[in-house]
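A.B. asks: Before I ask anything, let me first share the structure, which is written out below as structure tokens.
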Amino acid sequence: MFGWWQYIVDLLVYDLAGMERGTPVAAAIDFFLFDTVKILLLLIVIIFAITFIRTFFPPERTRRILAAKKEGLWGAHVAAALLGIVTPFCSCSAVPLFIGFVEAGIPLGVTFSYLIAAPMVNEVALGMLYGMFGFKVALIYLVSGEVIAIVSGIIIGRLGLEKWVEECVYTIKVGAQEVTVPTFRERISESYQFTLQVLGKIWLYVLIGIGIGALMHGWIPAGALAQYAGRDNPFAVLVAVVAGVPLYANAAGVIPLVAELSRAGVAMGTALAFMMAVTALSIPEMILLRRVLKPKLLAIFVAIVSLGIIMTGYLFNTLL
Amino acid sequence: MKKLQVLGTGCPKCKQLAQMTETAAQELGIEYELIKVTDINDILSFGVMMTPALVVDGVLKVAGKVPPVAEIKKLLA
């Protein structure tokens, strides 16, 4: 798909600039130019597409859809996890969304399926994984994120943990909001604006991430880390997740790094588990959620999601 | 005098919306009073689950996004 661009970059670096093939500097510059343009283009397409779908599912509508589903059925969890993908999730919306959902009578477990899927499966990560590893890895990321969200939500629902939600959640009244249906033009214009905003926010991280990746690409030989974090080390995934949870970074900055780690010999499942831990669980989000969840429920939430990510990591190390 | 309320718990986007609303109001030259609503109960009482949001004279105009200044101007006019 991007062969034409590789051709142009090679011309620029080796013929026009006259750099010598095979030297680390040339390899790093070639890699940087190629990846930056490829990834930014893919991001534009994917962010635009997801934002467009999103205009059909404002939170009020999601809330109505989920509130109409029957408790205890898989369908409600699946719907919640799917709707989580198209949510513009920013951790500051976690609390109002949580209260809004619980207030509408959506079961706690279904609410969690949504709250887990929203930050875990995001369009930026999806676009970058597709750009750097291809369709298969992007699909695996999507499916495993959804499965973790669905299963975790079902477990939290079965445990009957409503008593560990802060009492204040049940006393807040959510006002009615009129929902106006946007026109096609408005949807397009909104998607366009949002894509620009997201790119404006992440482009620097993408460049820094690819830059570090490019340096590693030039100087660290493929497979150099295999003996430490390859598939034969049973603790690698565990360490990756434990290290990733307290880190808080944009998927945009982590993925180019993940790509290079994997090239240097870190097993793909381990690298993906690291990325999911960084993006799905973060300390700022936990501090916000503490306002609506008692410590025990918060701890169970973090434990179940971490466990899910660890299991996914091992699964991919076995499959890929 | 227009009463402009920016709803948000203090995330970067909320600050951005507050600032852009201020710019829009000044460019229009209207008299206004800008209030930042940060209490979660108050935010939810407008039915807003996705911050930031803009309320003009008690009517919710925008939720969950930061529109460009030109668009905010139309909402204030």
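The values are calculated or read from the model by the stated rules, or taken from the named source; none is laboratory data. Here the structure is a predicted model, which means the values were calculated and not measured. With ideal geometry, Cβ positions are generated from the backbone for all residues, glycine too; neighbour counts draw on all protein chains shown. Ligands, DNA and RNA are excluded from the accessible area calculation, which covers all protein heavy atoms including side chains. Shrake-Rupley method; radii C 1.70, N 1.55, O 1.52, S 1.80 Å.
A.B. asks: List every residue pair whose Cβ atoms lie under 7 Å apart, where the two residues are 6 or more positions apart in sequence or sit on different chains, the first residue falls within region B:34-53 and is at positive phi, and the second residue, located anywhere, is open to solvent by 20 Å² or more (accessible area, probe 1.4 Å) and among the basic types (K, R).
C.D. replies: The qualifying pairs do not exist here.
A.B. asks: Among the residues of region A:217-254, which ones are of a type in the set (F, W, Y), modelled with pLDDT of 70 or more and either under 25 Å from A:G131 (Cα atoms) or open to solvent by less than 20 Å² (accessible area, probe 1.4 Å) (or both)? First the steps, then the outcome.
C.D. replies: So in region A:217-254, the residues of a type in the set (F, W, Y) come out as A:219, A:228, A:235, A:248.
Subset that is modelled with pLDDT of 70 or more: A:219, A:235.
Once the filter is applied, which keeps residues that are of a type in the set (F, W, Y), modelled with pLDDT of 70 or more and either under 25 Å from A:G131 (Cα atoms) or open to solvent by less than 20 Å² (accessible area, probe 1.4 Å) (or both), region A:217-254 yields only A:W219.
A.B. asks: Here's something else I'd like to know. Residue check: is A:G109 open to solvent by 10 Å² or more (accessible area, probe 1.4 Å), more than 9 Å from chain B (Cβ to nearest Cβ) and over 18 Å from the mean Cα position of the chain (by Cα)? Walk me through how you get there before you give the answer.
C.D. replies: Values: open to solvent by 10 Å² or more (accessible area, probe 1.4 Å): no; more than 9 Å from chain B (Cβ to nearest Cβ): yes; over 18 Å from the mean Cα position of the chain (by Cα): yes.
Against the criterion (open to solvent by 10 Å² or more (accessible area, probe 1.4 Å), more than 9 Å from chain B (Cβ to nearest Cβ) and over 18 Å from the mean Cα position of the chain (by Cα)), A:G109 does not qualify.
A.B. asks: Is it the case, given these coordinates, that A:E60 is over 25 Å from A:W203 (Cβ atoms), surrounded by fewer than 24 Cβ atoms within 10 Å (Cβ to Cβ) and modelled with pLDDT under 85? Steps first, answer last, please.
C.D. replies: Working: over 25 Å from A:W203 (Cβ atoms): yes; surrounded by fewer than 24 Cβ atoms within 10 Å (Cβ to Cβ): yes; modelled with pLDDT under 85: yes.
It is true that A:E60 is over 25 Å from A:W203 (Cβ atoms), surrounded by fewer than 24 Cβ atoms within 10 Å (Cβ to Cβ) and modelled with pLDDT under 85.
A.B. asks: Next up: So, of the residues in region A:149-163 that are part of a helix (DSSP H, G or I) and open to solvent by less than 60 Å² (accessible area, probe 1.4 Å), which turns out to be farthest from the other protein chains (Cβ to nearest Cβ)?
C.D. replies: Within region A:149-163, the first condition is being part of a helix (DSSP H, G or I), and the residues that meet it are A:149-158, A:162-163.
Imposing the further condition that a residue be open to solvent by less than 60 Å² (accessible area, probe 1.4 Å) reduces the set to A:149-150, A:152-154, A:156-157.
Details: A:A149: 19, A:I150: 22, A:S152: 21, A:G153: 18, A:I154: 23, A:I156: 20, A:G157: 21 Å.
Within region A:149-163, the match that is farthest from the other protein chains (Cβ to nearest Cβ) is A:I154.
A.B. asks: For the list (1) within 20 Å of A:I287 (Cβ to Cβ); (2) of a type in the set (G, A, S); (3) surrounded by fewer than 24 Cβ atoms within 10 Å (Cβ to Cβ), I need the number of the one condition that A:G134 fails.
C.D. replies: (1) is the only condition that A:G134 fails.
A.B. asks: Being in a helix (DSSP H, G or I), more than 26 Å from A:L215 (Cβ to Cβ), in contact (Cβ under 8 Å) with a residue 12 or more places away in the chain and open to solvent by 10 Å² or more (accessible area, probe 1.4 Å) narrows it down to one of A:L298, A:L257, so name that one. Write out each step before concluding.
C.D. replies: Details: A:L257 fails: more than 26 Å from A:L215 (Cβ to Cβ).
Result: A:L298 is the single residue among A:L298, A:L257 that is in a helix (DSSP H, G or I), more than 26 Å from A:L215 (Cβ to Cβ), in contact (Cβ under 8 Å) with a residue 12 or more places away in the chain and open to solvent by 10 Å² or more (accessible area, probe 1.4 Å).
A.B. asks: Cβ contacts < 7 Å: first residue within 12 Å of A:E146 (Cβ to Cβ), restricted to region A:82-96; second residue assigned to a helix (DSSP H, G or I) and modelled with pLDDT under 85, any location; separation 6+ or different chain. Result?
C.D. replies: If the second residue must be assigned to a helix (DSSP H, G or I) and modelled with pLDDT under 85, the pairs left are A:G84/A:A118.
A.B. asks: Identify the residue in region A:164-178 that is away from chain B (no Cβ under 12 Å) and not charged (D, E, K, R) and, among all such residues, is surrounded by the fewest Cβ atoms within 10 Å (Cβ to Cβ).
C.D. replies: Let us first name the residues in region A:164-178 that are away from chain B (no Cβ under 12 Å), namely A:164-165, A:167, A:170.
Applying the additional criterion that residues be not charged (D, E, K, R) yields A:164-165, A:170.
Working: A:W164: 17, A:V165: 18, A:Y170: 11.
It comes out as A:Y170.
A.B. asks: Those residues that are assigned to a loop (DSSP other than H, G, I, E, B) and without any contact (Cβ under 8 Å) to a residue 12 or more places away in the chain, I need them from region A:173-203; list them, please. Break it down stepwise before answering.
C.D. replies: Initially, region A:173-203 is screened for residues assigned to a loop (DSSP other than H, G, I, E, B), giving A:173-183.
Those that are assigned to a loop (DSSP other than H, G, I, E, B) and without any contact (Cβ under 8 Å) to a residue 12 or more places away in the chain: A:G175, A:A176, A:E178, A:T180, A:V181, A:T183.
A.B. asks: State yes or no: is A:V292 open to solvent by less than 40 Å² (accessible area, probe 1.4 Å) and under 22 Å from A:I140 (Cα atoms)?
C.D. replies: Details: open to solvent by less than 40 Å² (accessible area, probe 1.4 Å): yes; under 22 Å from A:I140 (Cα atoms): no.
No, not satisfied.
A.B. asks: Given (1) open to solvent by 60 Å² or more (accessible area, probe 1.4 Å); (2) at pLDDT 80 or above; (3) under 27 Å from B:V66 (Cα atoms); (4) touching a Gly at 6+ places or on another chain (Cβ under 8 Å), identify the lone condition not met by A:V181.
C.D. replies: Failed condition: (4).
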